[in-house]
Amino acid sequence: LKQLNKPIVLALNKMDRYSDIERRDIMARIQQRADLPSRDIVTVQTGGREDIIRQLADGSETRESRSRSVDIRDLARTIQRHLDNDRSLMETLRDTAILQLASEKLSAARDRHREQQAEVLVGKYSRRAVIGALAAVAPGSDLVIQGVLATRLIQELCALYDVSVKEVQIESFLKLAGGKIRKMSALTMAIAGNALKAFPGIGTLTGGMLHAVAYGIIFHTLGRALTTTLATRGELHPRQTAKLFQEELGEDLEKPAKSLARVVLEESRKDAEQRD
């Protein structure tokens, strides 16, 4: 560190655990070996906890744990002295700190924007999945519709997070996710059924309505898993994202399920009005 020709301050933590004589001996030995001015070697206390023995009025003793006090005043004074003695260094550090703060603020703002936009995208495609499931008439046609929607959702989320993705990655992920869906189909349908039952007066639940809510839940969960992976890993990792998708399907989905059930009811009523 000394060869870098930069100011050095050596701060010794937890020195309150030693007696005054021990502290002087330790600091003198360190100063000799480090070849630093004594005023650049300071002691600090950075908190933590410590065990103490408390003697009670009846003469008995009890062991307790308490917080250690924090004291970094000597360190702060020493750093300030170095800054005062080197104005150019202080200016450089100040400019660097301002740039760092600005960069952190921009990054935080970007992350918030991405999170908000991702939520909008997931909501939009979950609704489309519901409508697509209601519109499907031929056996298996809903799978074609939802496959196209899922691909577009993945592509748009990846574009939002500036992540390049290949078709083979999307296909791999959808294949893995499809396997998870088959294993969790009973749970998904049960959640969909409970969500629809929360709205009184809808009459007998049809298989199509259950199917539509279930697809909406799947897309909502798929989008959440994708968003988490892209935000934390910066890439689409098919196997890890599929695993997270399965975990998300096992979590509490009552709130989004009710929202999606409301979409199903709205679309069903619109369809009924058009037929009339």
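The values are calculated or read from the model by the stated rules, or taken from the named source; none is laboratory data. Everything numeric here is computed off the predicted structure, so don't read it as measured data. Counting neighbours? That spans all protein chains shown, and the Cβs are built from the backbone with ideal geometry, glycine included. Heads up: the accessible areas ignore ligands, DNA and RNA and are worked out on the full protein's heavy atoms, side chains in. Shrake-Rupley method; radii C 1.70, N 1.55, O 1.52, S 1.80 Å.
Listed by first and then second residue, the pairs linking a residue in the stretch 1-18 that is part of a loop (DSSP other than H, G, I, E, B) to a residue that is open to solvent by 100 Å² or more (accessible area, probe 1.4 Å), with Cβ atoms under 6 Å apart and 6 or more places separating them unless they lie on different chains, are Ile8/Leu1.
Figure legend. Inter-residue proximity from the stretch 232-248: first residues open to solvent by 80 Å² or more (accessible area, probe 1.4 Å), second residues among the small types (Gly, Ala, Ser) and part of a helix (DSSP H, G or I), beta-carbon distance below 9 Å, spacing 6+ or different chains. Indicated pairs: Arg239/Ser172; Lys243/Ala225; Glu247/Ala225.
For (1) open to solvent by less than 60 Å² (accessible area, probe 1.4 Å); (2) among the hydrophobic types (A, V, I, L, M, F, W, C); (3) in contact with an Asp or Glu (Cβ under 6 Å, 6 or more places away or on another chain), each residue gets a yes or a no:
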{"residue": "Ile98", "(1), (2), (3)": "no, yes, no"}
{"residue": "Ser107", "(1), (2), (3)": "yes, no, no"}
{"residue": "Asp111", "(1), (2), (3)": "no, no, no"}
{"residue": "Glu119", "(1), (2), (3)": "no, no, no"}
{"residue": "Val122", "(1), (2), (3)": "yes, yes, no"}
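Among all residues of the stretch 213-221, there is at least one that is surrounded by 12 or more Cβ atoms within 10 Å (Cβ to Cβ) and either of a type in the set (Phe, Trp, Tyr) or modelled with pLDDT under 80 (or both).
The condition of being without any contact (Cβ under 8 Å) to a residue 60 or more places away in the chain and open to solvent by 80 Å² or more (accessible area, probe 1.4 Å) holds for only one of Ala28, Ala57, Ala76, that being Ala57. Quick one: in the stretch 31-42, which of the residues that are open to solvent by less than 100 Å² (accessible area, probe 1.4 Å) and not in a helix (DSSP H, G or I) is farthest from Gln80 (Cα to Cα)? Among those that are open to solvent by less than 100 Å² (accessible area, probe 1.4 Å) and not in a helix (DSSP H, G or I), it is Leu36.
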